[in-house]
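Beneath this line is the structure, given in structure tokens, with notes to follow.
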Amino acid sequence: MSQAINMTDEIIEIEILRYRPEQDEKPFPQVFEIPYTPDLSILEALQYIKDHLDSTISFRWSCRMAICGSCGLMVNGAPKLGCKAFLRDYYPKKVKLEALANFPIERDLVVVMDDFIKKLEEVKAYLIPEVKNKPLSDGPYQQTPEQLEKYRQFSMCINCGLCYSACPQYALDNKFIGPAALTLLARYNRDGRDAGTAERMKIVNQEEGVWGCTFVGYCSVVCPKGVDPAAAIQLLKVESSKDYLIGMFKPE
Amino acid sequence: MSKRKPYTREMKSDWWLKDLFYSKYMLREGSSILITLYSLILAWGVFRLSQGEVAFNAWMEALQSPLSIILHIVALIFALYHSITWFSLAPKALDLWIKGKRVDDKIIVTGHYVAFAVISLFCLVSILI
């Protein structure tokens, strides 16, 4: 593959924000020049750099086809999946790469995602059935296509974290549960087989829940899977308001 | 010993100028400042009305100053910008389903513009009558 890339004469500059914790106090930019071809993705460009120019460069990747959600990074300031962004959309200008915004940098383009993972774990993202311990002989929980449609797009999340990088509210205060985790919460609340809404509304109603969102809406623009976190959160705000109003008239 | 030393990047106060999307968001939210000013001027007018005809006429006079006219035009532009951007986002906050299908975004947006036009017309007509 790399031999084929070398056939071209055109060169593109890739600037990477480097950070090596064992020797650097703070990140610094480093520019690499690589042969340009229009079908080269940002991820392939990084692999070229690692194979041919500087083997110390660190970045995450796995599937190369926008389903594992590992290769998120900032491309010219916008959060993208490295495998789904192409040099042809930037050439002949320089491409600036930086680790995903709003997360601490572990090394080079690798971020610490622990906070995001913790939030995913907090939102009870699993089916909480109404009848506990239903015997297997009763068969599966059935669902109509219409019931599926109510939450389907919110279940397409690949946990890449791009929406957290796009969210200034998360940047200002990372106690905010954030787009992907709230969307996943909405996905289960909207599932006809689930009866855990009351439990999850306690998470939703907090200041750190949906009310930490000011509807910037960039999360929905950057999502590589067409999920609409902004919509999920606004719909949860409606539910949260209803919950509050009903709670006012209902004794505990 | 671990060599881990995660680096946290600071968020600069000009973050909203770095991306057009954020700038437009700040304009949308910033429109509230001008709309607050407009509401205060209007509330002041109601207060002056309670003080009698002379006071109210003085307020009306003050509204015709160039500064006041510029302020009101800018407030109108911001109010329109806020309305248009809000209408375009409205489908995200509405979950309407008819016969098992989600109502198309376009219908929701158009509905908002129709309501906007009808209410504006009603207000204008009721002033003239």
Notebook entry, point to check: By average Cβ neighbour count within 10 Å, what is the ranking of A:46-53, B:36-43 from highest down?
Noted result: A:46-53, B:36-43
Check: Along the charge dipole of chain A, Cβ charges K/R +1 and D/E -1, which of A:Cys163, A:Asn189, A:Gly178 sits furthest on the positive end?
Finding: A:Asn189
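In whole percent, what relative contact order does segment B:16-77 give with Cα contacts below 8 Å and a gap of six or more residues? Could you put the intermediate results ahead of the total?
Working: 20 pairs, mean separation 17.8, N = 62.
Dividing the mean separation by the residue count of segment B:16-77 yields 29 percent.
What number in nm² do you get for segment A:2-111 if you take the convex hull of its Cα atoms and divide its surface by four? Don't jump to the answer; show the numbers that get you there.
Values: hull surface 26.5 nm².
Projected area, direction-averaged: 6.6 nm².
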Notebook entry, point to check: Do any cysteines of the protein assembly as shown lack a neighbour Cys whose Cβ is under 4.7 Å away, and which are they?
Noted result: A:Cys71, A:Cys83, A:Cys157, A:Cys160, A:Cys167, A:Cys213, A:Cys223, B:Cys123
Check: Tilt of helix A:229-249 relative to the longest C-alpha principal axis of chain A, in degrees (0 to 90, nearest 10)?
Finding: 20
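Averaged over peptide B:18-29, how many Cβ atoms belonging to another chain are found within 10 Å of each residue's Cβ?
Values: counts 1, 6, 0, 7, 4, 0, 2, 6, 2, 0, 3, 3.
The per-residue average across the peptide is 3.
Using the alpha carbons of segment A:114-249, what is the convex hull volume per residue in cubic angstrom, as a whole number?
On the way: hull volume 16.5 nm³, N = 136.
Dividing the Cα hull volume of segment A:114-249 by its residue count gives 122 Å³.
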Checklist line | chain B: calculated mean residue ellipticity at 222 nm from DSSP helix runs of at least 4, using -39500 (n - 2.57) | finding: -24500 deg cm²/dmol
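Just checking the output field for A:176-185: average partner chain Cβ neighbours within 10 Å of each residue's Cβ?
Values: counts 0, 0, 0, 0, 0, 0, 0, 0, 0, 0.
Per residue, the number of nearby Cβ atoms from other chains is 0 on average.
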Next item on the list: Within a 10 angstrom radius of each residue's Cβ in B:88-99, how many Cβ atoms of other chains show up on average? Whole number is fine.
Entry: 4
Check: Any idea what the alpha-carbon Rg over 2.2 N^0.38 Å comes to for segment B:16-77?
Finding: 1.48
Checklist line | GNM result for chain B, Cα springs below 10 Å: residue of B:Trp15, B:Trp86, B:Trp59 fluctuating most strongly | finding: B:Trp15
Checklist line | B:Val118-B:Lys12 pseudo-label distance in nm [points 7 Å out on the Cα-to-Cβ vector] | finding: 4.9
Notebook entry, point to check: Which of the aspartates and glutamates could a cross-linker bridge to A:Lys94, judged by Cα under 15 Å and excluding same-chain residues fewer than eight apart?
Noted result: A:Glu10, A:Glu13, A:Glu15, A:Glu33
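List the pairs from A:Lys124/B:Lys12; B:Lys12/B:Lys92; A:Lys50/B:Lys18; A:Lys242/B:Lys99; A:Lys80/A:Lys132; A:Lys119/B:Lys5 whose alpha-carbon separation is above 32 Å, in the order I gave them.
Working: A:Lys124/B:Lys12 34 Å; B:Lys12/B:Lys92 30 Å; A:Lys50/B:Lys18 30 Å; A:Lys242/B:Lys99 24 Å; A:Lys80/A:Lys132 41 Å; A:Lys119/B:Lys5 22 Å.
Distance filter (> 32 Å) returns A:Lys124/B:Lys12; A:Lys80/A:Lys132.
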Notebook entry, point to check: Can you give the helix-only mean residue ellipticity at 222 nm for chain A, where every DSSP H stretch with n ≥ 4 adds -39500 (n - 2.57) and the sum goes over all residues, rounded to the nearest 500 deg cm²/dmol?
Noted result: -8500 deg cm²/dmol
Margin query: Taking just the alpha carbons, could you work out the radius of gyration and Dmax for chain A, both in angstroms?
Written below: 21.6, 75
Check: Could you give the angle, 0 to 90 degrees to the nearest 10, between helix A:179-189's Cα long axis and the longest principal axis of the Cα atoms of chain A?
Finding: 30
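Hey, what D do you get for chain B in µm²/s if you plug the Kirkwood alpha-carbon radius into Stokes-Einstein at 10 °C and 1.306 mPa s? Before the final figure, lay out the partial values.
Numbers: Rh = 19.1 Å.
Diffusion coefficient, whole number: 83 µm²/s.
Where a number appears in this text, it was derived from the coordinates with a stated rule and is not lab data. Everything quoted here is computed from the prediction, not taken from an experiment. When we count neighbours, we look across all protein chains shown, and the Cβ atoms used for this are built from the backbone with ideal geometry, even at glycine.
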